[in-house]
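The values are calculated or read from the model by the stated rules, or taken from the named source; none is laboratory data. Please read these numbers as outputs of a predicted model, since none were measured by experiment. Here Cβ is always computed from backbone atoms with ideal geometry, including for glycine, and neighbour counts include all displayed protein chains. Each accessible area value is taken on the protein alone, full model and side chains, heavy atoms only, with ligands, DNA and RNA left out. Shrake-Rupley method; radii C 1.70, N 1.55, O 1.52, S 1.80 Å.
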Amino acid sequence: MPHFEAQHRDLADLAERSRARRLAQRAGRDFSSNDYLALAGDPALATAVRAAIDAGIPIGSGGSRLLRGNHAAHEALEAEAARFFGAGSALYFSTGYAANAALLATLPQRGDLIVHDALIHASAYEGMR
C-alpha cells in the first residue's frame, strides 16, 4: 500500500536494529509493570475477590470515596492497617499515582526542601507542582 510506505520503512528499520516490539505472553520475573508483586494472577487474591463479591461488596466504587464511593469494607481495611502498623489511623489510595500526588501536595509546607533524582515518577512532580 503506497500510503503506508514510510511506516513500513520505519518498522523495517526498527526490526533491523532489534528495536521492534511485539505483544508477548508474560514470562519470567516482572520488574517492568504495575504487577511486580504478581498479584494479578494470585489464586488466593482471586478467592478473596470472589468472597467479597459474594458478600455484597461492590466491585467498583462508582465514584470517589468522598462523594459516593465509600464502603464499610474500605474503612475496615484502613482500621486493620492502622492496627497492624501501630498507627492511629490509615488511609488507602486507589493508585500509587493518587497517593504520591496527594501526599506531596499536602505534607510538604512552603519553604520545605524536597530532594529527588531526575527519574522520580510523574505523580511526584504532579503533587509538588
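In percent, what relative contact order does the chain have, based on Cα pairs under 8 Å that are 6 or more apart in sequence?
Relative contact order of the chain: 11 percent.
For the chain, what is the calculated [θ] at 222 nm in deg cm²/dmol (nearest 500), taking -39500 (n - 2.57) for each run of four or more DSSP H residues and dividing by its residue count?
-13000 deg cm²/dmol
What FRET efficiency comes out for the pair THR95/ILE53, r = Cβ-Cβ distance, R0 = 35 Å, nearest 0.05?
After rounding, the FRET efficiency stands at 0.95.
If the chain were replaced by its equivalent ellipsoid, with semi-axes equal to the square roots of 5 times the Cα gyration tensor eigenvalues, what would those be, largest first, whole Å?
38, 26, 16
What list of ³J(HN,Hα) values in whole Hz, one per residue of segment 70-81 in order, does the Karplus curve 6.51 cos²θ - 1.76 cosθ + 1.60 (θ = phi - 60°) give from phi, with Gly and Pro shown as x?
6, 9, 4, 5, 4, 5, 5, 4, 5, 5, 5, 4
Can you work out the FRET efficiency for the pair ASP117 and LEU77, with r the C-beta to C-beta distance and R0 = 22 Å, to the nearest 0.05?
0.10
Looking at the chain as a GNM with Cα springs under 10 Å, which of SER18, SER33, SER94 has the largest mean-square fluctuation?
Comparing SER18, SER33, SER94 in the GNM, the peak value goes to SER18.
What distance in nm separates the two pseudo spin-label positions at HIS3 and LEU37, each 7 Å out from Cα along the beta-carbon direction?
4.7 nm
Could you let me know the centre-to-centre spacing of segment 93-118 and segment 34-85, using Cα atoms, in angstrom?
24 Å
How large, in percent, is the carbon and sulfur part of the accessible surface of the chain at a probe radius of 1.4 Å?
Percent of accessible area from carbon and sulfur atoms in the chain: 58.
Apply the Karplus parameterisation 6.51 cos²θ - 1.76 cosθ + 1.60, with θ equal to phi minus 60°, to every residue of segment 27-38 and state each ³J(HN,Hα) to the nearest whole Hz, in sequence, with x for glycine and proline.
Computed from phi, the couplings for segment 27-38 are 7, x, 7, 9, 10, 10, 10, 7, 9, 5, 8, 6 Hz.
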